[in-house]
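Peer 1: Okay, here's the structure, questions in a sec.
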Amino acid sequence: MAEKYSYPPTSEYLEAVVKPSVREQQKYFVNVLLFLGTVLTTLFWGAWMSLSFESSAGIDLVRYVKLIIGQPTLLYRGAGYSFAILSILLAHEMGHYLACCYYGIRATLPFFLPAPVYTGTFGAFIRIRSPFPNRRSLFDVGLAGPIAGFVVAIPFLWIGLKLSALVTVTSGQVSLGEPLIFKFFSKLLLLPAPAGKEYSLHPIAFAAWFACLATSLNLLPIAQLDGGHVSYALFGKKAYYITWFFFSAVLGLAVYGFTRSYVAGMQWLFYSVLLLVLRWIAGFRHPATMDDDQEIGLARKIWGGIALIVFIVTFMPVTIFS
């Protein structure tokens with residue numbers, strides 16, 4: 001993946017790249033199977049969130065599993081969360097996919113990742129199977145996903161916050177970090193919490209919170225993350241040094257996180273390890289496009305500024321703490 005493309009940017013070459021062979025034609029079975037699996041896992045965890053949200057004492061996981069075994073129809077209670085999180089993820093990946101289609105870049109449909117954890121999913125991804133023609137296409141494909149997902153997340157954030165409820169603060173309670181976009185809409189939509197009270201996020205609001213986390217991580221200008229694509233399109237080979245700067249910042253956030261709580265530090269340490277795995281697999285040096293000399297233009301530079309704003313308003317130095 002780190003290999004530098006050196007193919008001539010000719011129409012004959014692009015036609016050969018874009019036209020799939022019979023053997024390479026997209027098979028949708030895996031996509032559908034993973035999507036249905038993610039629907040099930042997000043329904044499962046969403047229903048637990050919903051039932052716990054409605055219960056002042058909460059519902060422990062063992063009791064919840066027994067409830068679901070006895071009454072599988074309770075899974076419908078997770079429909080709101082499932083619909084919200086899947087809509088946001090689908091918007092993000094289809095942003096990438098449609099941008100690829102526009103430029104004639106071969107790409108798969110989204111692969112959703114079901115997960116046996118509280119979010120119900122590890123996210124989704126597409127596989128890009130041909131090189132980027134130029135820096136403009138790289139920029140557009142890289143940015144289309146985060147922008148589309150962010151736009152779709154806003155109405156779910158609005159709805160979720162309106163449905164959130166005041167609860168009594170208890171000792172040892174786990175709290176979520178609050179990105180700037182959450183602070184803004186909380187002040188706009190919610191009354192100040194009285195002493196000893198705080199707002200419990202509705203499951204739909206949690207879906208929007210998870211979207212903010214995923215968006216900010218994806219927009220880090222590192223290697224071949226979405227932000228890495230945007231960074232290379234804007235700065236060319238200088239993006240390599242930007243990658244190392246932000247990777248060092250992630251390590252710094254791990255140290256800072258441990259000053260807040262063990263859980264907060266472990267999150268950034270885990271993400272640092274994932275980035276090191278990415279470096280081992282593909283390297284931190286972004287592959288060149290087929291025509292790196294083409295300028296991206298003023299409009300895309302402005303969109304680069306918008307991407308920076310989206311990163312700032314969705315970023316959380318500490319995501320979870322107690």
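Here, each number is a calculation from the coordinates, and none is a lab measurement. Given the structure is predicted, the values throughout are model-derived calculations rather than measurements. Using ideal geometry, Cβ is built from the backbone for each residue, glycine included, and neighbour counts are taken over all protein chains shown.
Peer 1: Using the crude model of +1 on Lys and Arg Cβ and -1 on Asp and Glu Cβ, and no other charge, please compute the dipole size for the chain relative to its Cα centre, in debye to 20.
Peer 2: 220 debye
Peer 1: Given a Förster distance of 22 angstrom, what is the FRET efficiency for F321 paired with V273, based on the Cβ-Cβ distance and rounded to 0.05?
Peer 2: After rounding to 0.05, the efficiency reads 0.65.
Peer 1: Grab the beta carbon distance between V65 and D293, set R0 = 56 Å, and tell me the FRET efficiency rounded to 0.05.
Peer 2: So, using R0 = 56 Å, E works out to roughly 0.45.
Peer 1: Rounded to the nearest 0.05, what FRET efficiency do K187 and L113 have when you use their Cβ-Cβ distance and R0 = 25 Å?
Peer 2: According to the calculation, E is roughly 0.15.
Peer 1: Moving to a separate point now. Want the number for Y262 to W244: 0.36 nm per residue separation, take away the alpha-carbon distance, what's left?
Peer 2: Working it through step by step, the gained length comes to 4.0 nm.
Peer 1: Sort I105, I306 so the one with the fewest other Cβ atoms within 10 Å of its own Cβ comes first.
Peer 2: Ranking I105, I306 by Cβ neighbours within 10 Å, fewest first, gives I306, I105.
Peer 1: Given 4 °C and 1.567 mPa s, compute D for the chain with the Stokes-Einstein relation, Rh being the Kirkwood radius over Cα pairs; round to the nearest whole µm²/s.
Peer 2: Roughly 61 µm²/s, to the nearest whole number.
Peer 1: Let me ask something additional. Rounded to the nearest 20 debye, what is the charge dipole size of segment 147-268 about its Cα centre when +1 sits on each Lys and Arg Cβ and -1 on each Asp and Glu Cβ?
Peer 2: Dipole size: approximately 160 debye.
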